[in-house]
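Data block below; observations after.
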Amino acid sequence: MKLSQEQLDSYLEDGYLKIPNVFTPEEMSVLRSDCYAIVSSDRAHSDGNISELNSDSTRVSFGIDLDSDAVAAAVRVPRILGPVHQLLGDKVYLFQTRINAKMGRLGEGYPWHTDFANWINDGVQRGSINDMITVSVLLTESTPENGALQVAPGSHRHGVGDLFFDTESVGYQSYNAPESYVSKVLSETDPVFIEGQPGDIVLFAPEIMHGSEENHSDVDRMYLMFIYNRSDNLPIASEVKREHMTPYVNYDYEGDLHEVADNAILGSSE
Ligand SMILES: O=C(O)CCC(=O)C(=O)O
């Protein structure tokens, strides 16, 4: 899949782009089944799962392609890797995979932040819209009631922001945005809910300000998150400023990613 000029322009302007119906219901059924097993800790790398602050419900599962052939295929199918190559160039590697789970009534929120504020503290030096990208695949429906991701369109142009290291208010350490920064960004742009159905995807830039509220409904909200980095933007070890609770957060460079067949997700379940 290649993005049209209109989609490219929209992504570069807003810092995010939603594309509906990228994966079929059959593919989503395989992916969802694997992902429910992973968040329930029925996985080989169960030390990749992090719980919510106030319950044992899984908040985030890292390194998920290690435990699901379907996820490993989804990371590499032309529908996903094509747009990634278009935006970042031909030489990219897989920086991180995770599930952001927000289970019914238990899923907690995410304060406003930019992801690159975190990754710069992992030693990555460049986080522009053409250096890194997150591809989010909706595994379940995503609504304001179940805690849909919210983004501030265009906010990537502010850069990473002046963020603070927060290990207290959420289930996993994060560099979050202080109120002054949030107010400044939100005075210029209204946040948008990423609403959608299973199989829709959202591309978003490393420096876009985003966050979400808790899950107020009985409906689980789960996203796959694939993060890609340019292969000439590897983290610098001497610039790493934080440790992680699990070894699967950021992958070392193990070569450039190559596409697999577009039907590889279903092939992997045979
Ligand atoms: O899953 C969410 O609602 C927000 C996720 C997020 O902000 C993040 O993982 O950086």
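A few remarks follow.
- Single unsatisfied condition, Asp131 versus (1) within 14 Å of the ligand (Cβ to nearest atom); (2) at pLDDT 95 or above; (3) buried (at least 21 other Cβ atoms within 10 Å of the Cβ): (1)
- Residue check for Thr140: of a type outside the set (A, V, I, L, M, F, W, C), within 22 Å of Glu243 (Cβ to Cβ) and within 13 Å of the ligand (Cβ to nearest atom): no
- Considering residues of the range 184-237 that are of a type in the set (Lys, Arg) and crowded, with 21+ Cβ neighbours inside 10 Å only, the residue nearest to Leu94 (Cα to Cα): Arg230
- Criterion (closer than 19 Å to Tyr11 by Cα and in a loop (DSSP other than H, G, I, E, B)) met by exactly one of Glu207, Glu214: Glu207
The values are calculated or read from the model by the stated rules, or taken from the named source; none is laboratory data. Predicted model, so just to flag it, every value in this text is computed and none were measured. Cβ: placed from backbone, ideal geometry, glycine included. Neighbour counts: every protein chain shown.
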